[in-house]
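First up is the structure itself, then whatever we jot down about it.
The values are calculated or read from the model by the stated rules, or taken from the named source; none is laboratory data. Remember, it's a predicted structure, so these values are computed and weren't measured experimentally. Every residue, glycine among them, receives a Cβ derived from its backbone with ideal geometry; neighbour counts consider all protein chains shown. What goes into the accessible areas is simple: the full protein's heavy atoms, side chains included, and nothing from ligands, DNA or RNA. Shrake-Rupley method; radii C 1.70, N 1.55, O 1.52, S 1.80 Å.
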Amino acid sequence: MAATTLLSTVLVLLVTGTLCNRVLVLLVTGTLCNRDPIMLTVANGFRHTNHTYSTSVAPGGVLLGAMKQLQKDDSSFNFTTKENPDYGPFLVSVNGVAGKKGDGTYWQLRVDYVNGSSTVAQVGVGCYIPKPNEHIFLNFTTY
Ligand code: B12
Ligand SMILES: *[C@@H]1O[C@H](CO)[C@@H](O)[C@H](O)[C@H]1NC(C)=O
Ligand SMILES: *[C@@H]1O[C@H](CO)[C@@H](O)[C@H](O)[C@H]1NC(C)=O
Ligand SMILES: *[C@@H]1O[C@H](CO)[C@@H](O)[C@H](O)[C@H]1NC(C)=O
Ligand SMILES: *[C@@H]1O[C@H](CO)[C@@H](O)[C@H](O)[C@H]1NC(C)=O
């Protein structure tokens, strides 16, 4: 009797374990495949150069996550930020080019929506949530 109970408990645990692992694998695979594609263009208005990258953002995730992912995957893209207590990360430099207070230069965050209209984002990279297939611009410019 006790042995039967023990055996069925072990069986239940084994079955549950297998199922849970399958579910885990499905969840992990699903999460990886479900990242939303976006385009990121880095444009320098003074040097008249630009570079467009394809990257991806977690569903509902912030732009900063897509930029970190891209920095990990593509050695031609890098950036630095400075934490602001009120607004989160301020984008200081992209691909080695940094904004300078004295020059009045900075990296402006712009968005081309999928409907074709383009705008200056009302929040920084740590708060902006890109929609799938959106085209984001980091434009080096003056204020
Ligand atoms: C001046 C200003 C700027 C200047 C700051 C440079 C300078 N030397 O003055 C410039 C033009 C660079 C700027 C840029 C941006 N700004 Co601005 N900016 C302001 C503004 C009008 C005043 C800030 C200020 O001088 N405060 C007084 C000083 C004494 O306080 P402070 O803490 O030292 O101020 C610093 C921070 O505000 C910081 N800062 C300025 N903007 C932003 C944006 C972000 C995301 C962060 C983290 C920090 C930051 O720079 C200031 C000077 O060092 C505020 C609105 C307001 N009325 O407060 C918006 C404001 C802070 N900016 C805003 C935004 C959205 C941006 C941009 C993201 C716009 C864009 N799409 O490109 C970019 C930042 C992009 C990046 N590189 O990360 C928003 C932030 C909202 C949010 N929740 O994220 C605000 C509130 C305006 C708004 N939309 O209502 N900005
Ligand atoms: C900045 O971004 C916009 C998209 O909103 C783009 O059309 C424009 O050419 C860019 N500017 C520069 C100076 O590269
Ligand atoms: C990128 O650079 C090319 C070649 O200089 C130019 O024709 C194009 O308008 C630029 N695009 C943006 C978005 O700045
Ligand atoms: C960032 O990119 C620029 C341009 O490709 C490069 O010159 C610089 O060395 C890079 N910086 C780091 C820390 O990788
Ligand atoms: C385009 O989409 C944006 C964001 O979804 C919206 O705010 C804007 O009003 C739209 N513009 C047009 C012309 O449809």
Between Tyr53 and residues 5 or more places away or on another chain, the pairs with built amide H atoms under 5 Å apart involve Leu40, Thr41, Val42
Probe 1.4 Å, all chains present, heavy atoms only: Ser117 accessible area in Å², nearest 10, is 60
Summed over the other residues with a beta carbon less than 15 angstrom from that of Phe140, with K and R at +1 and D and E at -1, the charge totals +3
Expected unfolding gain across Asn84-Lys72 under the 0.36 nm per residue rule, minus the alpha-carbon gap, is 2.0 nm
A chain fully extended from Met39 to Lys100 at 0.36 nm per residue, minus the present Cα-Cα distance, gains in nm 19.3 nm
If each part is reduced to its alpha-carbon centroid, region 35-62 and region 65-143 end up apart, in Å, by 9
The extension gain from Ala58 to Val120, computed as 0.36 nm times the residue separation minus the Cα-Cα distance, is 20.1 nm
Measuring from its Cα centre, region 37-132 shows a charge dipole (+1 at each Lys and Arg Cβ, -1 at each Asp and Glu Cβ) which, in debye to the nearest 20, is 100
Once phi for every residue in region 73-83 is put through the Karplus expression 6.51 cos²θ - 1.76 cosθ + 1.60 (θ = phi - 60°), the whole-Hz ³J(HN,Hα) values, with Gly and Pro written as x, are 7, 10, 5, 7, 10, 8, 7, 10, 10, 10, 6
